[in-house]
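S.K.: Encoded as structure tokens, here's the structure I'll be asking about.
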């Protein structure tokens, strides 16, 4: 639009110059006529005036005419130069118009390409958004499946551990197994009433594949000789100590090993192997243990409600334990209720197993939490010798 205005302005300027030239021509013509008239008058009056004065006037008129002629020539040259400049400007303007038109076509093509690209990008964004949403749904499904698998694994692990617990209770409980023996398999070692030499031999031969160790019908001194070095190897995942009365000295040493996040995942101290003092010392060391998942204190009649506050505190603080067995002990109803109440502070602990006789008292908690179970086993007078009798109810 600016270029068109410039062209119009140039055209108007040319028209003005042409008009000025025409006016000059008319003026010159008039001057010529005036000059002719004056010359005629001079010629007519030459005889009435002095000749010298007429000649001088004529010269002045001629000079004026020459000046006018020179002015006309200069104007004509100026107009010609302006016309040439104007024509050049018009040509440049036309070339610029053509270039602008080409640029506008290029811009239109690029805008069309940009629009097409934007549409493709929008479509790709939509596809990406849909893919991301689908991935989120798949991830959610995978997470849910993994959580189900973890839950199933924990349940399966708890069942396996319970089976091992039952095996541990049953295995050493016949009289012929009271004879000193050491039995080996690919993954476990079972010692019954071992001697100090047998313990030393086991410590020499045991390797990382032997993850499960059973010790039954032994003494605290022999247990100390075997268990403390064994724990320092950090390879045992399940330890069963049955019918082996443990002294405070042993419990202190054993507890110090448990402070150091050992590899132990399952610990069974059954059949009159530990009392209240031992439990209090043990759970103090287990509060911040991050490995132990299964703790069985079944069939220890010297465990009473005196150790329940320490057990409850342990339950509230520990974050890895899954199952706690305290059946066939001397913990009374009040102690059982205190243990059940501690479950409120620990969502990780999956189950506490107590005596069947407390079922009626704790029935209100069974349906709500499904984290309380009851043992159907009962002890007889034989428990003091390490023999336990099981019966179905």
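The values are calculated or read from the model by the stated rules, or taken from the named source; none is laboratory data. Every value quoted in this text rests on a predicted model; they were computed, and no experiment measured them. Methodologically, a virtual Cβ is constructed for each residue, glycine included, from the backbone with ideal geometry; neighbour enumeration extends over all protein chains shown.
S.K.: Restrict the check to segment 43-60 and report whether at least one residue is in the same structural domain as residue 78 (by TED's automatic domain parsing) and at pLDDT 80 or above.
M.R.: yes
S.K.: Restricted to segment 341-393, and to residues that are modelled with pLDDT of 80 or more and out of contact with any strand residue (DSSP E or B) (no Cβ under 9 Å at 6 or more places or on another chain), which residue is nearest to residue 215 (Cα to Cα)?
M.R.: 348
S.K.: Right, something else. For residues that are within 14 Å of residue 186 (Cα to Cα), assigned to a loop (DSSP other than H, G, I, E, B) and in contact with a helix residue (DSSP H, G or I) (Cβ under 7 Å, 6 or more places away or on another chain), tally how many sit in segment 207-241.
M.R.: Selection size over segment 207-241: 1.
S.K.: Can you tell me which of 200, 244 is assigned by TED's automatic domain parsing to the domain that holds residue 328, outside any strand (DSSP E or B) and surrounded by fewer than 15 Cβ atoms within 10 Å (Cβ to Cβ)?
M.R.: None of the other options fit; the residue is 200.
S.K.: Moving to a separate point now. Would you point out the residue of segment 330-340, among those that are in contact with a strand residue (DSSP E or B) (Cβ under 9 Å, 6 or more places away or on another chain) and not in a loop (DSSP other than H, G, I, E, B), that is modelled with the lowest pLDDT?
M.R.: Residue satisfying both the conditions and the ranking: 340.
S.K.: Shifting gears a bit: Among the listed residues 361, 297, which satisfies the condition of being buried (at least 23 other Cβ atoms within 10 Å of the Cβ) and either over 15 Å from residue 266 (Cβ atoms) or without any contact (Cβ under 8 Å) to a residue 40 or more places away in the chain (or both)?
M.R.: Of 361, 297, the one residue that is buried (at least 23 other Cβ atoms within 10 Å of the Cβ) and either over 15 Å from residue 266 (Cβ atoms) or without any contact (Cβ under 8 Å) to a residue 40 or more places away in the chain (or both) is 297.
Per-residue answers, yes or no, for (1) farther than 30 Å from residue 18 by Cβ; (2) out of contact with any helix residue (DSSP H, G or I) (no Cβ under 7 Å at 6 or more places or on another chain); (3) in contact (Cβ under 8 Å) with a residue 12 or more places away in the chain:
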position	(1), (2), (3)
82	no, no, yes
95	no, yes, no
106	yes, yes, no
113	yes, yes, no
117	yes, yes, no
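S.K.: Let me ask something else about it. When you scan segment 145-161, do you find a residue that is out of contact with any strand residue (DSSP E or B) (no Cβ under 8 Å at 6 or more places or on another chain), at pLDDT 85 or above, assigned to a helix (DSSP H, G or I) and farther than 30 Å from residue 240 by Cα, even just one?
M.R.: No; the residues of segment 145-161 include none that is out of contact with any strand residue (DSSP E or B) (no Cβ under 8 Å at 6 or more places or on another chain), at pLDDT 85 or above, assigned to a helix (DSSP H, G or I) and farther than 30 Å from residue 240 by Cα.
S.K.: Look at residue 216 and say whether it is under 21 Å from residue 275 (Cβ atoms), surrounded by 19 or more Cβ atoms within 10 Å (Cβ to Cβ) and in contact with a strand residue (DSSP E or B) (Cβ under 7 Å, 6 or more places away or on another chain).
M.R.: So residue 216 fits the description; yes.
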